[in-house]
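Engineer: Structure below; questions to follow.
The values are calculated or read from the model by the stated rules, or taken from the named source; none is laboratory data. A quick note: this is a predicted structure, and the numbers were derived from the prediction, not measured. Just so you know, the surface numbers come from the protein's heavy atoms only, side chains and all, with ligands and any DNA or RNA stripped out. Shrake-Rupley method; radii C 1.70, N 1.55, O 1.52, S 1.80 Å.
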Amino acid sequence: MLQIPAQLLFSAKFFSSSAPPPKQPSTRDREYLRTSEINAMIRAAKRVGRHGIRDGAIILLMFRHGLRTAELVALKWTQIDLAGGYIEVHRFKHGRDSIHPLRSPELRALRQIQRDYADTSYVFVSERKAPLSTRSIRHIIARAGELAGLPFQVHPHQLRHACGYYLAASGHDTRAIQDYLGHKNIHHTVRYTQMSPQRFENFWMD
């Protein structure tokens, strides 16, 4: 019989599984935010502290482009074309990169940020011109949700989910949403279209 050395009995590398551990169920009532809630958060963020324009833009870009926290803090000005109105989104977690159009609200906010935080390579920085940490982003988002009067604590990833649900509810193609969010596997995108009320609009016509 094969003898297993005692030191390997507690080694994570020795006992491996091809399947990842099951994802723990969320304790939140809702994993996404509604557009009205996001707009309220942006208004609240703009009213507090010395970095209101910056903080409001953080919420806006995370929502409109489905950015993860790590993707946001790594965002550089070289990825943004203010003249052409485009942003190069570099996805983490082995996601697919893409180029998104920037609309007027985003362009106005980004131009103001460029003036307020000049001579920085990163878009979202602190007063010392250092890139914001993921911890800082979580704090900014949670504070905005609290100031907006939301009845639950807001987490940054809810903005990414909000983007997916908004695009699905607007009737956009699942494949297009997959590319927009950078999903390698379309099964991660289908959750948004499955929950879209737009599929059922013609069920009752009274």
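Engineer: Which one is nearest to Pro156 (Cα to Cα) among residues in the stretch 63-79 that are of a type in the set (A, V, I, L, M) and open to solvent by 20 Å² or more (accessible area, probe 1.4 Å)?
Structural biologist: Only one residue tops the list, namely Ala70.
Engineer: From the list Arg138, Arg115, Arg108, Arg143, which residue is open to solvent by 40 Å² or more (accessible area, probe 1.4 Å), under 22 Å from Gly52 (Cα atoms) and within 14 Å of the chain's Cα centre (by Cα)?
Structural biologist: Answer to the check: Arg138.
Engineer: Confirm whether Arg175 is at pLDDT 90 or above, more than 18 Å from the chain's Cα centre (by Cα) and assigned to a helix (DSSP H, G or I).
Structural biologist: yes
Engineer: Please tell me if Ala118 is modelled with pLDDT under 95 and of a type in the set (A, V, I, L, M).
Structural biologist: yes
Engineer: So which residues in the stretch 190-206 are open to solvent by less than 60 Å² (accessible area, probe 1.4 Å) and over 16 Å from Arg64 (Cα atoms)? Steps first, answer last, please.
Structural biologist: Initial filter on the stretch 190-206 (open to solvent by less than 60 Å² (accessible area, probe 1.4 Å)): 190, 192-193, 196.
The answer is Val190, Thr193, Ser196.
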